[in-house]
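The values are calculated or read from the model by the stated rules, or taken from the named source; none is laboratory data. Values in this document were obtained by computation on a predicted structure and should not be read as measured data. Note that each Cβ is placed from the backbone with ideal geometry, even for glycine, and that neighbours are counted across all protein chains shown.
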Amino acid sequence: MSNIHFISQIEDLNFWKNFNPELTISENWTQTCQLISVNSQELKQILQELIEEGYFQIDDFFPPADILKMSACVEKLQQEGLPVVFAFIYDEFWQIFYKLSPILKTILGDDYLQVPDVWAWYVAPSKEAKGWEPHRDRRKNSLLPNGMPKALNIWIPLTEVTPLNGCMYILPADLDPNYNQDTDTVGINPQDIRALPASAGSVLSWNPVVWHWGSRSSNKAKVPRISIACDFQRSDAQPYEELLLNPSTDLSFQQRLGLIGKLILRFRVRYQYADELLALAVKLQHHAPLPYWVVGSQYSVKSDHWNHVGIKQGSIVEMARWKDEQNIMVKHPDKQGIFYPFSPLELEHLLFT
């Protein structure tokens, strides 16, 4: 159940600043974010594991003090009856993924993109609590010919995760008879399934065709399983969502609210959200649109508002590039070398209304 008192304050910036004063909400967090690199030997090992087993794990990657603040935030959201995905109101929950840029650029290319489907989990230390069921994010066509992924899921535990509190399980690619195929679980040997216990602040990552899941917790668990995740993809691959984000984008408070509203509605089938919260999520999703960025991707125009410049309803346009910090260039569908600037709000109207 959701806390109705807090729901009434969700759109108030000061409420969130007071809710977790140790965390920040700013519009220039990329300027203060220190990236974390790994040495060449570690990077070579990561690439080898991705090709052979479809996943990699780096233990104890982030500073414990930073992780403790983030886990405390999720814990407080849970205690107050608010969806824990509201943790992404705070800079730190975006910075932690951006800090992985050196690794992600090596795997997905310098101009990799962020899929705007961030999420957070709180799996209580109880046998009634569990993570998400076994699944593949994509069945096939998510690998390059050399076995490298076109996309990655990054999953970060904010508390220690073990088989007793719902750690991730995975079927390594080299042991999966259905890997990169249309089928899911035919012929799987249960002995090949691998548990992935990890310390708080570790990094776990797998490609979209790896079979994985969050397990059930237990009454023996000493701490909840708190974790966050986000997907990333190559910019030259088919978009996994209608629109994608430049990972270095500083989302405003309003944009974060809007995204969280959309995510709550998207994943509501997995949770028992109060009607009041769902009504608020409907309202939130219409907040400031996100500054989407997909160079070269094509979309069908849904609006007839731009007929006067020849961009007609049903025509196909191509995202070109940023003109400046406020506008996105859209390539004219029929005229070579002709581009039009659209604000993020205009772009959303062009493509979705």
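Every residue, every condition in (1) among the aliphatic types (A, V, I, L, M); (2) surrounded by 17 or more Cβ atoms within 10 Å (Cβ to Cβ); (3) at negative phi, yes or no:
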site: GLY147; (1), (2), (3): no, no, no
site: ILE154; (1), (2), (3): yes, yes, yes
site: LEU164; (1), (2), (3): yes, yes, yes
site: CYS167; (1), (2), (3): no, yes, yes
site: ASP192; (1), (2), (3): no, no, yes
site: ALA195; (1), (2), (3): yes, no, yes
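Of the conditions (1) in a helix (DSSP H, G or I); (2) within 30 Å of PRO177 (Cβ to Cβ); (3) in contact with a Ser or Thr (Cβ under 7 Å, 6 or more places away or on another chain), THR30 satisfies every one except a single condition; which number is it? It fails just one condition, (2).
Evaluated against (1) among the charged types (D, E, K, R); (2) closer than 30 Å to LEU278 by Cα; (3) modelled with pLDDT of 95 or more, LYS44 falls short on exactly one condition, (2). Checked against (1) part of a helix (DSSP H, G or I); (2) surrounded by 17 or more Cβ atoms within 10 Å (Cβ to Cβ), GLN45 passes all but condition (2).
Grab the helices (runs of 4 or more DSSP H) fully contained in segment 49-125, keeping just those with 2 or more residues being of a type in the set (D, E, K, R) and either farther than 21 Å from SER235 by Cβ or not assigned by TED's automatic domain parsing to the domain that holds ASN39 (or both).
Output list reads 64-79.
Scanning segment 1-20 turns up no residue that is acidic (Asp, Glu) and either surrounded by 17 or more Cβ atoms within 10 Å (Cβ to Cβ) or part of a helix (DSSP H, G or I) (or both).
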